[in-house]
1. Step through the residues of the range 160-169 one at a time and calculate ³J(HN,Hα) from phi using the Karplus curve (6.51 cos²θ - 1.76 cosθ + 1.60, θ = phi - 60°), rounding each to whole Hz and writing x for Gly and Pro.
2. Could you provide, to the nearest whole Å², the per residue accessible area of the range 102-153 with probe 1.4 Å?
3. Pairs of alpha-carbon atoms within less than 8 angstrom and 6+ residues apart define the contacts here; what relative contact order does the range 65-169 have, in percent?
4. If you fit an axis through the alpha-carbon atoms of helix 113-122 and take the longest principal axis of the Cα set of the chain, what angle between them do you get, 0 to 90°, nearest 10?
5. How far, in degrees from 0 to 90, does helix 2-17 lean away from the longest principal axis of the Cα atoms of the chain, to the nearest 10?
6. Ignoring any ligand, DNA or RNA, what whole percent of the accessible area of the chain comes from carbon and sulfur when the probe is 1.4 angstrom?
7. Can I get the semi-axes of the chain's equivalent ellipsoid? Compute them from the C-alpha gyration tensor as square roots of 5 times the eigenvalues, in angstrom, largest first.
8. Taking only the Cα atoms of the range 70-169, how large is their convex hull per residue, in Å³?
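The values are calculated or read from the model by the stated rules, or taken from the named source; none is laboratory data. No experiment lies behind these values; they were computed from the predicted model shown. Side chains included, ligands, DNA and RNA excluded: accessible areas come from the protein's heavy atoms. Shrake-Rupley method; radii C 1.70, N 1.55, O 1.52, S 1.80 Å.
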Amino acid sequence: MKKILFGLLFFGLTTQAFSQIIPTVELSEVTVYATNYKYLNDINTGELASIPVKLLQQKVATYDVKSSEFYQDDYDLYNITFFIPEGKILAAYDADGKLLRTAEKFKDINLPTKVKESIAERFPGWVITKDIYLVSFTDATGAKKTYKVKLENGDKMLRVKMDETGKFL
């Protein structure tokens with residue numbers, strides 16, 4: 001009796017193992033374009049300053065000029081402005097959709113740790129009340145990031161300018 005039960009159990013398990021036949025499906029061809037990768041590489045170096053800033057920068061990098069309602073074959077340059085409540089990006093594209101340059105300005109964002117640490121080390125007891133994050137990107141020279149920070153300590157006020165590494169300018 002045991003042999004029959006084990007035989008049926010073995011037979012039942014082995015038939016289920018071979019019952020799943022996966023059909024082959026031919027997928028259509030997909031072409032991936034690496035447009036504006038240089039901009040994304042220059043902008044995303046190191047720690048992320050703020051999530052809304054990153055999302056808007058990704059939108060700028062993936063924007064397709066040719067599918068825009070403003071696209072015409074006659075123009076060689078397209079200036080497109082992107083807005084979020086924290087700031088804006090003015091981007092210049094050529095007729096093929098390549099990003100040539102950007103001018104970016106964001107207010108009151110989350111500052112990178114290196115910037116916060118440099119301020120705390122050099123100005124102990126001071127509080128950050130306002131900040132502005134500026135990015136200037138050109139295809140030839142890459143990205144230049146600058147932070148303008150307003151500090152207050154009681155009735156004293158001070159403005160400092162820094163790069164993304166925490167170095168004072």
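1. Result, rounded to whole Hz: 10, 10, 9, 9, 6, 8, x, 7, 6, 9.
2. On the way: 2790 Å² over 52 residues.
Dividing the accessible area of the range 102-153 by its residue count gives 54 Å².
3. On the way: 195 pairs, mean separation 20.1, N = 105.
The value is 19 percent.
4. Helix 113-122 and the main axis of the chain meet at about 30 degrees.
5. Tilt of helix 2-17: around 50 degrees.
6. 57 percent
7. Taking √(5λ) for each Cα gyration eigenvalue gives 52, 30, 12 Å.
8. Working: hull volume 10.8 nm³, N = 100.
Hull volume normalised by residue count: 108 Å³.
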